[in-house]
Amino acid sequence: MEIKSDYLIIGTGIAGLSLALKAAQVGTVSIVTKKEMMEASTNYAQGGIASVLDPKDSFDLHIADTIESGAGLCNREVVRMVVTNGPDMIRELISLGVHFSHSKTQADRLDLTQEGGHSRRRIVHTEDLTGKEVERSLIQNAEKNKKIKIYENHMAIDLITTSKFIRRGISTNETRETCWGAYVLDINTGKVKTFLARITILATGGAGKVYLYTTNPDIATGDGVAIGYRAGAKVANMEFVQFHPTCLYHPMAKNFLISESVRGEEGRLIDKRGDHFMERYHPLKDLALRDIVARSIDTELKKSGDECIYLDISHRPKDFIKNRFPNIYKRCLELNIDITKEPIPVVPAAHYMCGGLLTDIHGRTNITNLYAIGEVACTGLHGANRLASNSLIEALVFAKSAFEDSAKIISDKGDYKFPPVPMWDTGSATDSDESVVVSHNWDEVRRLMWNYVGIVMTNKRLIRAKSRIEVIQQEIKEYYWDFIITSDLLELRNLATVAELIITSANMRKESRGLHYNLDYPERDDKNWLHDTVL
Ligand code: SIN
């Protein structure tokens, strides 16, 4: 089955949906998502969106904070573009119906909260459910739009690119490697559909599930990076994986984040004896940059042998806590933790992929007509360590930039005809009776990444990780060609590819910088490593 549209957007987070709403002004849009629309990482974003909205703040300060956090690897032009477009993006969201929290003292002003590494209060939020509110509104707008067709439970397998035509002996007039859409698995029927598009946008989010412990939802399996990489797109800076310092530590709590804004509102990290240990690690204490806080916690836990540390906000008034953090309050209470009275047990967990598909300032990859936006992309904004709450604003600004760039191609289409695309071929694949291979390898990848490629690495651990992942990759490859594909198998294949990209990049960088910390090279080395790692 062939489905044709001007745009194919893969992913329904803030990046994909906000681009879809713009793209629908100039063409037809197909959006595919492997679960329901709402199941995007955006939906779980608690903290908010960083933007300069306070008269006492300035673009220069936000730019300086972003660059400081990025530890020498930010692209200044990109940082300026994102920061200076920020306020317009917030106004655009408000015009789409997003309700942000307002100041309690000045009702006409948005409430701005604080997070680590920001020299001013500049985080726009909707209590502690910012992502959910943004998703709600974007989905509502997309569903109303007649130019947008949404395909839920559809998972992209691979991109359709020029070399696939050549391999099958089909000639096209296109000499450059160009993308014409993707082969997509309809998860409900098990059939593979061919989605043809003049512009393809990867907006699939991150890859937190590569690690055993993560704040990310189950969908975060690095699909976009793996799909793009297999098609020949360049990938950069995969070694910079951000660990969020405070993921709820409780056997019944799956992936539950305790927002950094809890520390922004005076929450303090303590150990089980009540020691406020961040005082010993950095002058900014609990609001030091994320890499520093996560590493300090890791050191404390290794030293003490404790299983977790604690985040305490119980000294703030009960009503303030309940109104400002209703979601965190409710979830913790369900687990018998009353955060107005007692500290919250927390541990660091994988949270955000600073690397991804390498793009230019318009979100263009090196494959013609293929764009990457949001967490899947490495745009140059985050460098070696993303500043808190800079991701949603990046997604919005790059959606705008990618739209403006791609719209030129669409409006100049004349009488466009797609080339004859080869259909998906299942070959001699049969149904598998050994799906244990998938679940076993899935578990092994996540454990080896957690144990060997975590907050603190060593050469020895990285070498171990490399040899293990090579074996797993080989096993997946054999299994992939023999058996009919399922979404679990596709996710495992993507997850293993992303794990391998992280390990390879981490092995290449012989220094410590930002989120990449190798005990065998503990110093930052600007002479040799002041550049991206490109694969
Ligand atoms: C948080 O609420 O702590 C997450 C914010 C972010 O990762 O930008």
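How many residues, within the range 485-510, are crowded, with 17+ Cβ neighbours inside 10 Å and closer than 19 Å to residue 464 by Cα?
14
Just to be sure, is residue 14 surrounded by 20 or more Cβ atoms within 10 Å (Cβ to Cβ) and either modelled with pLDDT of 95 or more or more than 29 Å from residue 129 (Cβ to Cβ) (or both)?
Taking the combined requirement at face value, the residue satisfies it.
Take the range 249-269 and flag every residue that is on the phi < 0 side of the Ramachandran plot, in contact (Cβ under 8 Å) with a residue 60 or more places away in the chain, part of a loop (DSSP other than H, G, I, E, B) and within 16 Å of the ligand (Cβ to nearest atom).
If the condition is that a residue be on the phi < 0 side of the Ramachandran plot, in contact (Cβ under 8 Å) with a residue 60 or more places away in the chain, part of a loop (DSSP other than H, G, I, E, B) and within 16 Å of the ligand (Cβ to nearest atom), then 249, 253, 256, 258, 259, 260, 265 are the ones that fit.
Taking the condition closer than 30 Å to residue 500 by Cα and either β-branched (Val, Ile, Thr) or within 16 Å of the ligand (Cβ to nearest atom) (or both), does residue 229 pass?
So residue 229 fails the test.
Which residues, taken from the range 302-319, are of a type in the set (Gly, Ala, Ser) and either surrounded by 13 or more Cβ atoms within 10 Å (Cβ to Cβ) or in contact (Cβ under 8 Å) with a residue 24 or more places away in the chain (or both)?
304, 314 - these are the residues of the range 302-319 that are of a type in the set (Gly, Ala, Ser) and either surrounded by 13 or more Cβ atoms within 10 Å (Cβ to Cβ) or in contact (Cβ under 8 Å) with a residue 24 or more places away in the chain (or both).
Quick check on residue 190: is it out of contact with any strand residue (DSSP E or B) (no Cβ under 6 Å at 6 or more places or on another chain), of a type outside the set (Asp, Glu) and either touching a residue at least 12 places away in the same chain (Cβ under 8 Å) or surrounded by 18 or more Cβ atoms within 10 Å (Cβ to Cβ) (or both)?
yes
Among the residues of the range 448-481, write down those that are in contact with a Phe, Trp or Tyr (Cβ under 7 Å, 6 or more places away or on another chain), in contact (Cβ under 8 Å) with a residue 24 or more places away in the chain and over 19 Å from residue 497 (Cβ atoms).
455, 456, 457
Could you list, in sequence order, the residues of the range 320-347 that are crowded, with 18+ Cβ neighbours inside 10 Å, part of a helix (DSSP H, G or I) and touching a residue at least 60 places away in the same chain (Cβ under 8 Å)?
Selection gives 324, 328, 331, 332.
Please state which one of 387, 381 is closer than 28 Å to residue 512 by Cα, crowded, with 24+ Cβ neighbours inside 10 Å, in contact with a Gly (Cβ under 7 Å, 6 or more places away or on another chain) and of a type in the set (A, V, I, L, M).
387
State yes or no: is residue 392 within 18 Å of residue 47 (Cα to Cα) and either surrounded by 24 or more Cβ atoms within 10 Å (Cβ to Cβ) or within 16 Å of the ligand (Cβ to nearest atom) (or both)?
The answer is yes for residue 392.
From the residues in the range 402-415 that are surrounded by 24 or more Cβ atoms within 10 Å (Cβ to Cβ) and under 18 Å from residue 358 (Cβ atoms), which one is nearest to the ligand (Cβ to nearest atom)?
If we take residues in the range 402-415 being surrounded by 24 or more Cβ atoms within 10 Å (Cβ to Cβ) and under 18 Å from residue 358 (Cβ atoms), then 402 is nearest to the ligand (Cβ to nearest atom).
I need every pair where a residue in the range 137-150 that is of a type outside the set (Phe, Trp, Tyr) has its Cβ under 7 Å from the Cβ of a residue that is modelled with pLDDT under 95 and surrounded by 18 or more Cβ atoms within 10 Å (Cβ to Cβ), sequence separation at least 6 or different chains.
139/37; 150/37
Among the residues of the range 270-298, write down those that are without any contact (Cβ under 8 Å) to a residue 60 or more places away in the chain and either within 16 Å of the ligand (Cβ to nearest atom) or not in a loop (DSSP other than H, G, I, E, B) (or both).
Across the range 270-298, the qualifying residues are 277, 278, 279, 280, 285, 292, 296, 297.
Pairs needed: first member in the range 357-370, crowded, with 22+ Cβ neighbours inside 10 Å and hydrophobic (A, V, I, L, M, F, W, C); second member anywhere, part of a loop (DSSP other than H, G, I, E, B) and at pLDDT below 95; C-beta distance under 6 Å; at least 6 residues apart or different chains.
The qualifying pairs are 367/177.
The values are calculated or read from the model by the stated rules, or taken from the named source; none is laboratory data. Predicted model only: the values in this text are computed from it and were never measured. All Cβ positions, glycine included, derive from the backbone under ideal geometry; neighbour counts span all protein chains shown.
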